[in-house]
Ligand SMILES: [Zn+2]
């Protein structure tokens, strides 16, 4: 592990988010494997929610897919690693509150919980499999709308 990854690992253990991630993996019936750069991969997450191919809690990245499929998606792994860093920067569980607030505002602005969510944008929208949607017309100024 590099220095920043060690720091992230330590902070996310201390703030309790990695422990919560392992609990989610256990509830989700996942196969847990240590991964590179201080992450823990939890494969075959099966509950219906959240509707995502992958999500991260602390240093635990939960995937619906198995290890072979995940190995072929390095951009998604990089995206989830950035979310793990966001947990460390937000002192752990407060990240969830901030993330869901940002997702709600993004949904109001664009009809999509990721497009205008600063956490998703910082993690890389396209790396996470998201397409950028424009701000809804009602929130655009006359100058932006071109009329
Ligand atoms: Zn994401």
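Structure notes:
- Cβ crowding within 10 Å ranks 63, 119 as 119, 63, fewest other Cβ atoms first.
- Annotation: the antiparallel percentage among DSSP beta bridges lying fully within the chain is about 75.
- Just checking the listed ones, 50, 74, 118: in the Gaussian network model of the chain with Cα springs under 10 Å, the one fluctuating most is 50.
- C-alpha long axis of helix 94-110 to longest principal axis of the chain, angle in °: 30 degrees
- Scattering profile of the stretch 78-123 at q = 0.19, 0.30 Å⁻¹ [log10 I(q)/I(0), Debye over alpha-carbon scatterers]: -0.53, -1.03
- Once divided by 2.2 N^0.38 Å, the Cα radius of gyration of the chain becomes 1.11.
- Of 87, 99, the sequence from fewest to most neighbouring Cβ atoms within 10 angstrom is 99, 87.
- Relative to the dominant Cα principal axis of the chain, helix 3-14 is inclined by about 80°.
- Relative contact order computed over the chain (Cα-Cα under 8 Å; 6+ residues apart), in percent: 18 percent
- Stretched out straight at 0.36 nm per residue, the stretch from residue 136 to residue 100 would grow longer than its current Cα-Cα span by 11.0 nm.
- With Cα atoms, 0 to 90° folded angle of helix 17-27 axis to the chain main axis: 80 degrees
- Label separation (residue 46 vs residue 13): 3.0 nm, computed from points 7 Å beyond Cα along the C-beta direction.
Bear in mind these aren't lab numbers, they're just calculated from the coordinates by the rules spelled out. Please read these numbers as outputs of a predicted model, since none were measured by experiment. FYI the Cβ positions are ideal-geometry reconstructions off the backbone, even for glycines, and counts take in every protein chain you see.
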